[in-house]
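Asks: Let me begin by handing over the structure; questions about it come next.
Every read-out reported here was derived from the displayed coordinates using simple, explicitly stated rules and does not represent laboratory data. All values derive from a computational prediction rather than experimental measurement. Because the Cβ atoms are built from the backbone with ideal geometry, glycine has one as well, and the counts that use them run over all protein chains shown.
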Amino acid sequence: MKSKIVSVLLLLCLCLLLVLPSCSSFALYEKFYYDLFDTITVIRGYAKSSSDFEESCNTIYNELQTCHKLFDAYNEYEGINNIFSVNKNAGVSPLTVDGRIIELLEFSKQMYEKTDGALNVAMGAVLELWRDCREKNENKLPYEDELKEAAEHCDINGLVVDKESSSVYLEDRNMSLDMGAIAKGYACDRVTALLPSTKLTAALVNLGGNVMTYGEKPDESGWNIGVNSPLGEGNLFEVECSDLCVITSGDYQRYFVVDGKRYHHIIDPETLYPGSLFCQVTVICENGAMGDALSTALFLTELEKGMEIADLSGAAVVWVATDGTVYKNQRAEELIFAGDEI
Amino acid sequence: MKISKKTRNDILLFFSLLVIAVIILIAASIGRKEGSYAEIYIDGELYGVYSLNEEMTVDIGDTNRAVIKDGCIYMESAECPDKTCMKRGRISKVGESIVCLPNRVTITIINSKEKGNDVVIG
């Protein structure tokens, strides 16, 4: 009799064990922010309670907001020296800045070398002309001679970074930095670094197309990311990620129209006009800043050379050429599943 | 044929376990509705959830108007300078979203039978 009771109890325990994983104690939460990097920020994460989630979101938000302020080239903020301040002091004097600016500027210089100049954070002068036209939206393009004049002040060697004294100096008075092609990816990396200290077991942060993923969901799957097809409706492909970043650059994201023709925001340092090789480039890799920089650089680089850069960097890349042809490198081939159209 | 007490108890146990399993399965599937829904947020606060199966027009605050038609949702009008949300066009797949940054409006597709994306970019 006793043994029977024991065996029934054991069976019940087994039953419970089978049921328990389906009622995991972690729930999925989501939060939006609208005031970072001129885009929408979404944080999705698994936490034990909504207060745990809120607390973690605050930690993440604080870091993102600091990055937003540090890398802002167009506004100044009280009490900090940011990219705007660096630009203002161009040709005047070196400026002491936060370690994060030093770190990212040094990395940007490396990316300049790696991409053969396709990623140039020192071409603020040219980008500003395009930005002005885009924002005014008065059916006008930047003047050719203005662009050429601005291009004279885009030499990245004029950017002097001194790690020792944590200072930055722009040698050319008319030169300016624009971190738009790399800052969001870097901010994602900062979030990745602080996530283990939060109460989130798994998280996804989407900084307007710059996505970082952390950890596995309670059911041990990764985060499922869809990449919209620039060619029509629906997804071009989907990818399951954990601890990877996914970044997309597209010619349809930010643009303005002059005489019926669309001019997008990814400007080629060679031609000084929007790149015309691809309509979308997606990069999947471990490092957000690198992924962000690559998505811009590869958008402006011929496929064959771009493929080389991608492979050397260990990134998975999917290109959609302006004629609609889709290209992938080896690592993308391995990572991507369930492509309907790909 | 005489069934021993031990065997009878085993059969009883087997069936009760089966019943428990079925109940759990049913409980798990309830609450999972079929079809897709659009969640509309203003400033991060949930404004409403709308089935994509019913045609309707949704006034979102005083600034935006969304239309649900043929299983899709799109932004019909928006009081903002860039109209990016209107250019976004029609969405219907889980994880897709429309964002109106100036008015802080977000529309996200959720909860379909198919396995959705956590996020859709590009």
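Asks: Based on the Cα atoms of chain B, what semi-axes does the equivalent ellipsoid have, where each is the square root of 5 times one gyration tensor eigenvalue, given in whole Å with the largest first?
Replies: Ellipsoid half-lengths, sorted descending, are 49, 12, 12 Å.
Asks: If you consider only alpha-carbon coordinates, what radius of gyration and Dmax does the stretch A:222-342 have, in Å?
Replies: Expressed in Å, the Cα Rg and Dmax of the stretch A:222-342 come to 13.9, 45.
Asks: Assuming a ≥ b ≥ c are the square roots of the Cα gyration tensor eigenvalues, decide whether the stretch A:83-170 counts as rounded (a/c under 1.5), prolate (otherwise, with a/b larger than b/c) or oblate.
Replies: prolate
Asks: Still on this structure, I have one more. With a Cα-only, solvent-free Debye model of the protein assembly as shown, what are the log10 I(q)/I(0) values at q = 0.11, 0.12, 0.13 Å⁻¹?
Replies: -0.93, -1.09, -1.26
Asks: Further question: Suppose the chain between A:E144 and A:D219 were pulled fully straight at 0.36 nm per residue; how much longer would it get relative to their current alpha carbon spacing?
Replies: 21.4 nm
Asks: If you build the Cα gyration tensor of the stretch A:108-236 and take the root of 5 times each eigenvalue, what three semi-axes come out, in whole angstrom, biggest first?
Replies: Those come to 35, 23, 12 Å.
Asks: Would you be so kind as to identify which of A:A151, B:A27, A:T41 lies farthest towards the positive end of the dipole of the protein assembly as shown, taking Lys and Arg as +1 and Asp and Glu as -1 on Cβ and the Cα centre as origin?
Replies: Working it through, the farthest residue towards the positive pole turns out to be B:A27.
Asks: Step through the table entries A:K136/B:K93; A:K184/A:K328; A:K109/A:K305; A:K114/A:K328; A:K48/A:K109; A:K31/B:K87, compare each Cα-Cα distance with 30 Å, and write down the pairs that go over it.
Replies: Beyond 30 Å: A:K136/B:K93; A:K48/A:K109.
Asks: Provide the gained length on full extension for the span A:L231 to A:K48, in nm with one decimal, where the gain is 0.36 nm per separating residue minus the Cα-Cα distance.
Replies: 61.8 nm
Asks: Work out the length of the dipole vector of the protein assembly as shown about its Cα centre, built from +1 on the beta-carbon of each Lys and Arg and -1 on the beta-carbon of each Asp and Glu, and round it to the nearest 20 debye.
Replies: With Lys and Arg at +1 and Asp and Glu at -1, about 2940 debye.
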